[in-house]
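K.L.:
If you scroll down you'll find the structure; I have some questions about it.
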Amino acid sequence: MRLTPTEFAILGTRVFFATPLRPAIVVGALLGVAGVALLFLPEIGRGEGNARSLLGLTIALVGTVSASLGNLLSARNQRRGLPVVQINAFGMLYGALAVGLYAWMSGEAFVFDTSVRYLLSLGYLALFGSVIAFGAYLTLVGRIGADRAGYSAAIIPVVALILSGLFEGLNWQVATVAGIALCLAGNVLVLRCRAK
């Protein structure tokens, strides 16, 4: 079982901001970890344990730590009165430059699809999936804290599984239902915990 962004955010707020570890948030986070582990239990059981799997786990861990550090930086920046929209714009600019540099260094040719379908989907993802979604999320981080806002990561697999069940014919198992129940219970605990 690996740590999720929630646990890193909880530890980070303790280490960087001297925020006390609230028992309800710790219990809720542990419920979320257990729930996510149950959700992915069938996939974990089918794992091959080869070098590619290890690389995938390493990338997932680096992504988790990066997401948590981003939450903590956003909380710090908002405490200093920096506006969310500008922070978000600079973050996206730096991310785009880093991805562009990586693509250039990998030697891949730059190809851009000019079809209407692609441009509409790109515009939708840029506006709703990035600018609005991250702006709303970073505002949430500023209002309720990085530890509680980071818990939304435990809900993402639940929503994905529900959509998969509705549209892709997911084969529901006891572990799936139990995992969803644990994630939801942890979410209720974390979000009902008030900052002191």
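K.L.:
Can you say whether ASN71 is of a type outside the set (Ser, Thr, Tyr), at pLDDT below 80 and part of a helix (DSSP H, G or I), as far as the supplied structure shows?
P.N.:
Working: of a type outside the set (Ser, Thr, Tyr): yes; at pLDDT below 80: yes; part of a helix (DSSP H, G or I): yes.
Criteria met by ASN71.
K.L.:
Now for a separate question. Which residue, of ALA89, ALA133, ALA98, ALA67, is under 30 Å from ARG148 (Cβ atoms), of a type in the set (A, V, I, L, M, F, W, C) and touching a Pro at 6+ places or on another chain (Cβ under 9 Å)?
P.N.:
Working: ALA89 fails: touching a Pro at 6+ places or on another chain (Cβ under 9 Å); ALA133 fails: touching a Pro at 6+ places or on another chain (Cβ under 9 Å); ALA98 fails: touching a Pro at 6+ places or on another chain (Cβ under 9 Å).
Only one candidate passes the filter, namely ALA67.
K.L.:
While we're looking at this one, here's another question. Here are LEU166, LEU140, LEU170, LEU125: which of them is closer than 29 Å to PHE40 by Cα, assigned to a loop (DSSP other than H, G, I, E, B) and without any contact (Cβ under 8 Å) to a residue 60 or more places away in the chain? Working first, answer last.
P.N.:
Details: LEU166 fails: assigned to a loop (DSSP other than H, G, I, E, B); LEU140 fails: assigned to a loop (DSSP other than H, G, I, E, B); LEU125 fails: assigned to a loop (DSSP other than H, G, I, E, B).
Of LEU166, LEU140, LEU170, LEU125, the one residue that is closer than 29 Å to PHE40 by Cα, assigned to a loop (DSSP other than H, G, I, E, B) and without any contact (Cβ under 8 Å) to a residue 60 or more places away in the chain is LEU170.
K.L.:
Residue check: is GLY100 surrounded by 11 or more Cβ atoms within 10 Å (Cβ to Cβ), modelled with pLDDT of 85 or more and either in contact with a Gly (Cβ under 8 Å, 6 or more places away or on another chain) or not in a helix (DSSP H, G or I) (or both)? Step through it out loud before you land on a result.
P.N.:
On the way: surrounded by 11 or more Cβ atoms within 10 Å (Cβ to Cβ): yes; modelled with pLDDT of 85 or more: yes; either in contact with a Gly (Cβ under 8 Å, 6 or more places away or on another chain) or not in a helix (DSSP H, G or I) (or both): no.
Spelling it out, it is not the case that GLY100 is surrounded by 11 or more Cβ atoms within 10 Å (Cβ to Cβ), modelled with pLDDT of 85 or more and either in contact with a Gly (Cβ under 8 Å, 6 or more places away or on another chain) or not in a helix (DSSP H, G or I) (or both).
K.L.:
Still on this model: If a residue must be modelled with pLDDT under 75 and over 20 Å from PRO23 (Cβ atoms), how many such residues does the range 142-156 contain?
P.N.:
Number of matching residues: 3.
K.L.:
Something else now. Can we say LEU191 is part of a helix (DSSP H, G or I), surrounded by 13 or more Cβ atoms within 10 Å (Cβ to Cβ) and either free of Cβ contacts under 8 Å to residues at least 12 places away in the same chain or within 19 Å of the chain's Cα centre (by Cα) (or both)? Please lay out each step first, then the result.
P.N.:
On the way: part of a helix (DSSP H, G or I): yes; surrounded by 13 or more Cβ atoms within 10 Å (Cβ to Cβ): yes; either free of Cβ contacts under 8 Å to residues at least 12 places away in the same chain or within 19 Å of the chain's Cα centre (by Cα) (or both): yes.
It is true that LEU191 is part of a helix (DSSP H, G or I), surrounded by 13 or more Cβ atoms within 10 Å (Cβ to Cβ) and either free of Cβ contacts under 8 Å to residues at least 12 places away in the same chain or within 19 Å of the chain's Cα centre (by Cα) (or both).
K.L.:
Ok, one more. Test of understanding: among ARG117, ARG80, which residue is loosely packed, with under 10 Cβ neighbours inside 10 Å and under 29 Å from THR19 (Cβ atoms)?
P.N.:
On the way: ARG117 fails: under 29 Å from THR19 (Cβ atoms).
Just one listed residue meets the conditions, ARG80.
K.L.:
Among what's in the range 34-56 and is of a type in the set (A, V, I, L, M, F, W, C) and at pLDDT below 80, pick the residue that is nearest to the chain's Cα centre (by Cα).
P.N.:
Of all residues in the range 34-56, those of a type in the set (A, V, I, L, M, F, W, C) come to 34, 36-41, 44, 51, 54-55.
With the extra rule that they be at pLDDT below 80, the set shrinks to 36, 39-41, 44, 51, 54.
Working: VAL36: 13, LEU39: 16, PHE40: 16, LEU41: 19, ILE44: 20, ALA51: 25, LEU54: 20 Å.
Top of the filtered list is VAL36.
The values are calculated or read from the model by the stated rules, or taken from the named source; none is laboratory data. It should be emphasised that the depicted structure is a prediction, and the values quoted were computed from it without experimental measurement. Cβ sites come from the backbone with ideal geometry, for glycine too, and all protein chains shown count toward neighbours.
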